[in-house]
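Participant: Take this structure, written in structure tokens, and hold onto it; I'll ask about it next.
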Amino acid sequence: MDIATIIGLAGAYLLIIMGTGFNLGPFIDMPSVYIVVGGTVASILIAYPLKKVLGIIGVIKNVFLIKNSSPTETIKLLVGFAEQARREGILALEARSQEITDPFLKKGIQLAVDGTEPDLIKDILTTEISFIEARHKYSITILEFGATIAPAFGMIGTLLGLVLMLGNMSDPDSIGPNMAVALITTLYGSLIANTICTPMAAKLGGYSSEEILTKELMLEGIMSLQSGDNPRIVEQKLTAFIAPGLRAAIIKEEKK
Amino acid sequence: MDIATIIGLAGAYLLIIMGTGFNLGPFIDMPSVYIVVGGTVASILIAYPLKKVLGIIGVIKNVFLIKNSSPTETIKLLVGFAEQARREGILALEARSQEITDPFLKKGIQLAVDGTEPDLIKDILTTEISFIEARHKYSITILEFGATIAPAFGMIGTLLGLVLMLGNMSDPDSIGPNMAVALITTLYGSLIANTICTPMAAKLGGYSSEEILTKELMLEGIMSLQSGDNPRIVEQKLTAFIAPGLRAAIIKEEKK
Amino acid sequence: MDIATIIGLAGAYLLIIMGTGFNLGPFIDMPSVYIVVGGTVASILIAYPLKKVLGIIGVIKNVFLIKNSSPTETIKLLVGFAEQARREGILALEARSQEITDPFLKKGIQLAVDGTEPDLIKDILTTEISFIEARHKYSITILEFGATIAPAFGMIGTLLGLVLMLGNMSDPDSIGPNMAVALITTLYGSLIANTICTPMAAKLGGYSSEEILTKELMLEGIMSLQSGDNPRIVEQKLTAFIAPGLRAAIIKEEKK
Amino acid sequence: MDIATIIGLAGAYLLIIMGTGFNLGPFIDMPSVYIVVGGTVASILIAYPLKKVLGIIGVIKNVFLIKNSSPTETIKLLVGFAEQARREGILALEARSQEITDPFLKKGIQLAVDGTEPDLIKDILTTEISFIEARHKYSITILEFGATIAPAFGMIGTLLGLVLMLGNMSDPDSIGPNMAVALITTLYGSLIANTICTPMAAKLGGYSSEEILTKELMLEGIMSLQSGDNPRIVEQKLTAFIAPGLRAAIIKEEKK
Amino acid sequence: MDIATIIGLAGAYLLIIMGTGFNLGPFIDMPSVYIVVGGTVASILIAYPLKKVLGIIGVIKNVFLIKNSSPTETIKLLVGFAEQARREGILALEARSQEITDPFLKKGIQLAVDGTEPDLIKDILTTEISFIEARHKYSITILEFGATIAPAFGMIGTLLGLVLMLGNMSDPDSIGPNMAVALITTLYGSLIANTICTPMAAKLGGYSSEEILTKELMLEGIMSLQSGDNPRIVEQKLTAFIAPGLRAAIIKEEKK
């Protein structure tokens, strides 16, 4: 569970509410919600296939709720597999592969245990990685599209309000409040873009590259253990993927 | 037929109309239509050759009405061809090629049946793919140009209205309504850009890459069956192009 | 002669004039012309060497007035040359080269007739193509620079007008008309950018890539006919450059 | 310690304060600070993992406080090492490596002294360089995100203020001051972006490429001295990395 | 000396002054100068090291005052050297190298005369070219940074002025003039960006690529004459770098 996102979101809105002096009433206007939220969703539906738009919810949920296996733990797991494969043969991994929770790693180990050709394993897993990456990229693109289109619908709403207001200025006292309502859509559009779409797209991008790195680590590890590499070599190959600080930590731990 | 686009377009305008309290009168102004719609079309004509601009209508219609062959069905079709070619010889495909509706696939199969050199087949079909891609890209470019130029003509219209209004302020009561009319062009420009040009360009881009993928799949399949590959190999080569989820579906189906 | 450009330009201004109710008087202001048109030209002179800025007029005139040889005609011409060269020897092209109007093709044929080394011909013509491309690119860059700088000078003019107006508000009746005049520069800047610079740059880009394609076709044809290729091979090599639709047209015509 | 940054920051604010006539009172408003500073930080927390956001402070401090070893000094040091290694053997560097303050250089020399395989040294140090670079890049990305998001929260704050003000215009005298307060958030957002985030990101980028250059110089030097290169060769290889002016300085110094 | 730049700069300001009716008084305001000019310089100092910022003055002066050797003259000079080297041996160039004013060419000829290894000459001169290019690029980056930051400080100044004005609206007659003063900073920012930073960066970019081309021509010429190439070959190699029009001019001149 990602704490920072929740702290950030809660914090942003708390600070904004504080900034208004806890006076939220003037900022709630249902027609403005229809125009900005509805218009943004409608425009996304014009731009992307329904299935992909619905898929984004799954991607976001996945990314925020499922904890990525940390690279260091993945390396330790793979080195452990390599040791066992060396002692008891690669078939011994069959039983252990049942415990693996990551479906990508599980599939890879099973392919190796089944004696699949190394080239085919590499091909299958590489395609799978590129499709995971493409799926993430697609969701990021939709969020970035939302970040552009939401302020545009905010402006459209404000223009609608201004045209209505300017066309009917018989009551001077209503000008101020009418204009206030007209500006609310611009506010909504800016909030959707700057507290949801833009930062979520950035975080999704970060998570995605982390997950891709872990998957590439797994691929390298599976290839290495299938070719019967010495567990030390497996470790050396894998630690090359990670930050020097983490690398030192793994080596230190082993020396103990 | 693409439902999401229609839902999206209808939804966007319904929500906007709801947001105005079903009061459309003040938003209809013919001179504003001339300036924004006309100006945008005129500027597109300055920027792109007439033939290409007219071509965009065909591309959009094609893309929204013609159902792309789904990758899984294309794979099944090609594997079926490979099986028949293996049993009865490649000439047996001549009759079946008549039933193919996709002109690209039909042409490819006929070239293979005619005994054309593999290199030449590849060259012909690759050029054809690159021209399909370029034609799509061109239409996307024109839509993106429209998305930039429509708001600019919206602003030009508003400036025209403001200059006229400011130059003649003898009647204070007309200031509001005149300014309302001036703002309508900005509204039109923003609606054209954000409900039509920008999302259509995005959807066209998505459809285009799907169609290109299917065409590349067909090319790979034709090359593979012409070289007399085993149908299983053909299938393996082609499933590498598609998402692991779909791939599993094909394999599962066969095992039945 | 490019009809679409003229229709577009005339149409854009006609629609704008219609939009103002054929009331052009309030939109003509000489000091605004000085600031926006003059300032844009002056800023272009700071940014680009005088010779290049003057050169742009030639490039635009060339591009709009000289009809590009169509790719299909160029192919037919080159295939004809190849047939004659095969029958009567390459020297027979000497006489015919006199009739060629395109200076690039003429030069290439003469180099081939003179027995210049193929590598040298290729080198000379490739450099020539890259310089043609660079010259076009340069003009496009200047137009795009104009598209950015003209609205900036429009805003500068409006700021000048506003400062003068706000500094002297003793006569309330002059505020409106003064502000109208101030806004005219922004209008001019936007018109220059959106009806001239931006769409012209796009059209120039399209023309340029068409011309480059034709030149590459000529280069390929000259190399092919100099090496004594069979006219059918020359044709096959050249048709690979063009859209499948056009390709089919050439082949059909021959079969007749 | 970087003087220019401090002069720049102090100067910018001094000039702004002078520009206001030393009248800072009207520009201080706590709710505006909550909305802009708080909202920007909150949005950064949504967009980037907490650990990375905290890490940025360390990177900035490091970059501004730790003096980069200058390339010329690094070259002299490495040439000195090469001379000693040639005279007394590479093991003689063990003692000297203790005095090295740069951890990257120290690690590299120790690896060379330990007789590690050249390929492995190169691999380890290259990974380390790419992680240093990625860490810097990450901080720059966060600063650039701040430069985009701070003005957005400035605008959000101004919209909040305008909506509140317009909804309650019973007291005409309060309109001016209320609008002044509403504009303060836009001012804050612009100041954060243009005096802190944008220029700091630029300076960080400059420092980063300087540090990476020095590290690559060290890597080249370590590889060269381990392979037993003549000190003159080491120097020649390393001076190729630096500006001709600096290169001449090193050579001149030696001739003395 | 570059005439166009001066004509452009003088012209831009003359036209602007004409546009204001030769009434400059209202546009001069010292606090606005402090905020915009001072703030821009201060922000540049935060973003770039002091030495590089000072260096930009030298680069601009160099670029505008020192006349680049024209490519055609450089070619004629190098062909002359090649002829002399062929007749009297390469050592004969020693004396002539004293007359060369371009330090890059002088250095290259001296290296060739000294009998330096071709690879080393190429390495030394290539590094020198890349450092010249980097130095130019750096100055362009600083100018482009100025083009972004100056309008931002213009807006900051206007916000400062508006907040002060709105907070104290007791005297209605002062509102206009105060707002005029507030807008002056936006005007200054826009003038700095659009008449100085942006066009200067463009011109510097053009000059830079011209100078780099000339240096690459010199490098090619030096390598060619050192390897004892026939002067005709030297000429052919070098003319490949320049526009076909100029190329023809050189050849024509020789035939005379």
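Laboratory data are not the source of any read-out in this text; all were calculated from the coordinates shown. Keep in mind the model is a prediction, meaning the values are calculated, not measured. Note that each Cβ is placed from the backbone with ideal geometry, even for glycine, and that neighbours are counted across all protein chains shown.
Participant: Test of understanding: express the Cα radius of gyration of the range C:50-198 as a ratio to 2.2 N^0.38 Å, with N the residue count.
Facilitator: Values: Rg = 26.8 Å, N = 149, 2.2 N^0.38 = 14.7 Å.
It is 1.82.
Participant: If you average the sequence gap of Cα pairs under 8 Å that are 6 or more apart and divide by the length of the range C:89-184, what percent do you get for the contact order? Show your work: numbers first, answer last.
Facilitator: On the way: 37 pairs, mean separation 16.9, N = 96.
The value is 18 percent.
Participant: About its Cα centre, how strong a charge dipole does chain E have in debye, to the nearest 20, once Lys and Arg get +1 and Asp and Glu get -1 at the Cβ? Let's see the in-between values first.
Facilitator: Details: 21 positive and 25 negative charges, 73 e Å.
The dipole magnitude comes to about 360 debye.
Participant: I'd like the Kirkwood hydrodynamic radius of the range B:152-221, using the inverse of the mean 1/r over distinct C-alpha pairs, in Å.
Facilitator: On the way: mean 1/r = 0.0660 Å⁻¹.
It works out to 15.1 Å.
Participant: Also, I was wondering about something else. Among A:LEU187, A:GLY38, A:ILE90, whose Cα projects farthest towards the positive end of the dipole of the protein assembly as shown, with charges put on the beta-carbon of Lys, Arg (+1) and Asp, Glu (-1)?
Facilitator: The residue sitting most towards the positive pole is A:ILE90.
Participant: Over 29 Å between C-alpha atoms is what I'm after, so list which of A:LYS215/B:LYS106; C:LYS52/E:LYS51; B:LYS107/C:LYS76; B:LYS51/E:LYS203 land there.
Facilitator: On the way: A:LYS215/B:LYS106 40 Å; C:LYS52/E:LYS51 34 Å; B:LYS107/C:LYS76 25 Å; B:LYS51/E:LYS203 37 Å.
Where the Cα-Cα span goes over 29 Å, the pairs concerned are A:LYS215/B:LYS106; C:LYS52/E:LYS51; B:LYS51/E:LYS203.
Participant: Looking at chain A as a GNM with Cα springs under 10 Å, which of A:LEU191, A:LEU219, A:LEU120 has the largest mean-square fluctuation?
Facilitator: Taking springs between Cα atoms under 10 Å, the residue moving most is A:LEU120.
Participant: Then there is this: For peptide C:119-131, how many partner chain Cβ atoms fall within 10 Å of a residue's Cβ, on average?
Facilitator: Details: counts 0, 2, 0, 0, 2, 5, 1, 1, 7, 4, 1, 1, 6.
Average neighbour count from other chains, rounded to a whole number: 2.
Participant: I want to verify the translational diffusion coefficient of the range A:130-171 in µm²/s; compute it with Stokes-Einstein, Rh as the Kirkwood radius over Cα pairs, at 20 °C and 1.002 mPa s.
Facilitator: Values: Rh = 12.8 Å.
Value of D from the Cα-based Kirkwood radius: 167 µm²/s.
Participant: Using θ = phi - 60° and the Karplus relation 6.51 cos²θ - 1.76 cosθ + 1.60, list the HN-Hα couplings for the range D:41-47 in order, rounded to whole Hz, with x at every Gly or Pro.
Facilitator: My calculation for the range D:41-47 gives 4, 4, 5, 5, 5, 5, 7 Hz in order.
Participant: Could you state the number of Å between the C-alpha centres of the range C:102-125 and the range B:190-206?
Facilitator: Between the Cα centre of the range B:190-206 and that of the range C:102-125, the gap is 47 Å.
Participant: Restricting the calculation to Cα positions, tell me the Rg (one decimal) and the Dmax (whole number) of the range D:132-256 in Å.
Facilitator: Final numbers for Rg and Dmax: 26.7, 87 Å.
Participant: Same structure, new question: Place a +1 charge on the Cβ of each Lys and Arg in the range E:120-216 and a -1 charge on the Cβ of each Asp and Glu, then give the dipole magnitude about the Cα centre in debye, rounded to the nearest 20.
Facilitator: Working: 5 positive and 9 negative charges, 18 e Å.
I would put it at about 80 debye.
Participant: On to the next question. By the gyration tensor of its Cα atoms, with a ≥ b ≥ c the square roots of the eigenvalues, what is the shape of the range B:1-56: rounded for a/c under 1.5, prolate for a/b over b/c, or oblate?
Facilitator: oblate
Participant: What do you get when you divide the Cα radius of gyration of the range E:1-109 by 2.2 N^0.38 Å, with N the number of residues? Intermediate results must be reported in sequence, preceding the final value.
Facilitator: Values: Rg = 23.6 Å, N = 109, 2.2 N^0.38 = 13.1 Å.
Computed over Cα atoms of the range E:1-109, the ratio equals 1.80.
Participant: In whole Hz and in residue order, list the ³J(HN,Hα) couplings for the range A:95-100 that follow from phi through the Karplus curve 6.51 cos²θ - 1.76 cosθ + 1.60, θ = phi - 60°; x for Gly and Pro.
Facilitator: Computed from phi, the couplings for the range A:95-100 are 4, 5, 4, 5, 7, 5 Hz.
Participant: A further question on this structure: In terms of modelled amide H atoms, which long-range or inter-chain residues lie less than 5 Å from the amide H of B:GLY167?
Facilitator: none
Participant: For the protein assembly as shown, what are the per-bin percents of Cα-Cα distances with bins 10 Å wide, up to the bin holding the maximum?
Facilitator: Going from the shortest bin to the longest, the percentages are 1, 7, 12, 17, 20, 19, 14, 7, 2, 0.
Participant: Remind me, relative contact order of chain B in percent, using alpha carbon pairs under 8 angstrom and six or more residues apart? Provide the component values of the computation, followed by the final result.
Facilitator: Values: 224 pairs, mean separation 77.4, N = 256.
Answer for chain B is 30 percent.
Participant: Compute the whole-percent fraction of alpha carbon pairs in chain A spaced more than 27 Å apart.
Facilitator: Values: 17679 of 32640 pairs.
So the pairs more than 27 Å apart make up 54 percent of the total in chain A.
Participant: Can you give the average number of partner chain beta-carbon atoms within 10 Å of each beta-carbon in peptide E:200-212, as a whole number? Kindly include the intermediate steps, with their values, before the conclusion.
Facilitator: Numbers: counts 2, 1, 9, 5, 1, 3, 6, 1, 0, 0, 1, 0, 0.
Shielding by partners across E:200-212 averages 2.
Participant: Please compute the average number of Cβ atoms from other chains found within 10 Å of each residue's Cβ in peptide D:29-39.
Facilitator: What the average comes to for D:29-39 is 4.
Participant: Can you check what the Kirkwood hydrodynamic radius comes to for the range E:81-136, Cα pairs only, in Å to one decimal?
Facilitator: Values: mean 1/r = 0.0830 Å⁻¹.
Result for the range E:81-136 stands at 12.1 Å.
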